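Below you'll find the structure, written out as structure tokens, and then a few comments.
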Amino acid sequence: MFWLDAWKGDGILKDRYPQLYDLDTDKRCTVMQKINGNSILWRSCPLARGLESDLGSLYNDISHTRLTSGVDQLHCHLMADGTYTVECLRNMIDHNPLPLSCPLVRWCKEAPIKVICFIWRAAQGHIPSAMSLAHRGVSLSETMCGSCVGVDESVYHMLVSCHFAQHIRNIIFKWCGVGPTQINTVH
Ligand SMILES: [Zn+2]
């Protein structure tokens, strides 16, 4: 798509020209429709909004584009030939440092993949607690923990501070021969 796919330069045009994107009446048009079709139909004139510079840059970006016949293709930048494999993505993750804001990623072969995925999602607060479901717009009768009184069911509460969760955790620790262990964070 013209605005929403990365087909010209770095990133997508929607992010490079957000105000022009807002003014376009056909936000899901294809590149072919924009380049070979009629000019962009604006909701209101970009020039009247003081967007001459953005408009000039956009036209400059796309003015030298020449489309050829044929079907659309996806090109993966990770491989020289443009193909995508899970292996190349895995290698990229393994060999490139993540931003400091990201949680540490460890590939643990001993733990089942579903356990690793659960922990990774929990560390980011993305498991379906009542609070996170409500945050995503899911209609719930209440967001309180079913085992505690007056406490919202957040990811932290579900896995760390809930008395019921602590009780289950202590049983598992005992079962595994691990002494009493204080856990203060999902991470
Ligand atoms: Zn609770």
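The values are calculated or read from the model by the stated rules, or taken from the named source; none is laboratory data. The model shown is predicted, which means the values in this text are computed figures rather than measured ones. Positions of Cβ are generated from backbone atoms using ideal geometry, with glycine treated the same way; all protein chains shown enter the neighbour counts.
Among the candidates 157, 167, 163, single out the residue that is loosely packed, with under 14 Cβ neighbours inside 10 Å, modelled with pLDDT of 85 or more and within 10 Å of the ligand (Cβ to nearest atom). So that I can check it myself, show each step before the final result.
Values: 157 fails: loosely packed, with under 14 Cβ neighbours inside 10 Å; 167 fails: within 10 Å of the ligand (Cβ to nearest atom).
Within the list 157, 167, 163, the selection yields 163.
So, in region 37-73, how many residues would count as being in a loop (DSSP other than H, G, I, E, B) and over 15 Å from residue 25 (Cα atoms)?
Qualifying residue count, region 37-73: 13.
Would region 10-22 turn up any residue that is within 30 Å of residue 90 (Cβ to Cβ), at pLDDT below 85 and outside any helix (DSSP H, G or I)?
yes
Report, ordered by the first and then the second residue, all pairs with beta carbons closer than 8 Å, sequence separation of six or more or different chains, a first member in region 120-147 that is assigned to a strand (DSSP E or B), and a second member that is at pLDDT 85 or above and of a type in the set (A, V, I, L, M).
The qualifying pairs are 144/130; 144/151.
Here are the criteria: (1) under 25 Å from the mean Cα position of the chain (by Cα); (2) under 30 Å from residue 30 (Cα atoms); (3) surrounded by 10 or more Cβ atoms within 10 Å (Cβ to Cβ). Tell me which single one residue 122 does not satisfy.
Condition (2) is where residue 122 drops out.
Run down 179, 82 and say which single residue is more than 30 Å from residue 31 (Cβ to Cβ) and small (Gly, Ala, Ser).
Selected residue: 179, the only one of 179, 82 that is more than 30 Å from residue 31 (Cβ to Cβ) and small (Gly, Ala, Ser).
For region 96-118, indicate whether the set of residues that are within 16 Å of the ligand (Cβ to nearest atom), surrounded by 13 or more Cβ atoms within 10 Å (Cβ to Cβ) and not in a loop (DSSP other than H, G, I, E, B) is non-empty. Break it down into steps so the answer makes sense when it comes.
The initial filter retains those residues of region 96-118 that are within 16 Å of the ligand (Cβ to nearest atom), namely none.
No - not one qualifying residue is present in region 96-118.
Before we move on, is residue 144 more than 30 Å from residue 76 (Cα to Cα) and touching a helix residue (DSSP H, G or I) at 6+ places or on another chain (Cβ under 7 Å)? Before the answer, list the steps.
Working: more than 30 Å from residue 76 (Cα to Cα): yes; touching a helix residue (DSSP H, G or I) at 6+ places or on another chain (Cβ under 7 Å): no.
When the stated conditions are applied, residue 144 does not pass them.
Criterion first (within 23 Å of residue 115 (Cβ to Cβ) and either more than 10 Å from the ligand (Cβ to nearest atom) or at pLDDT below 90 (or both)) does residue 131 satisfy it? Steps first, please.
Working: within 23 Å of residue 115 (Cβ to Cβ): yes; either more than 10 Å from the ligand (Cβ to nearest atom) or at pLDDT below 90 (or both): yes.
So residue 131 passes the test.
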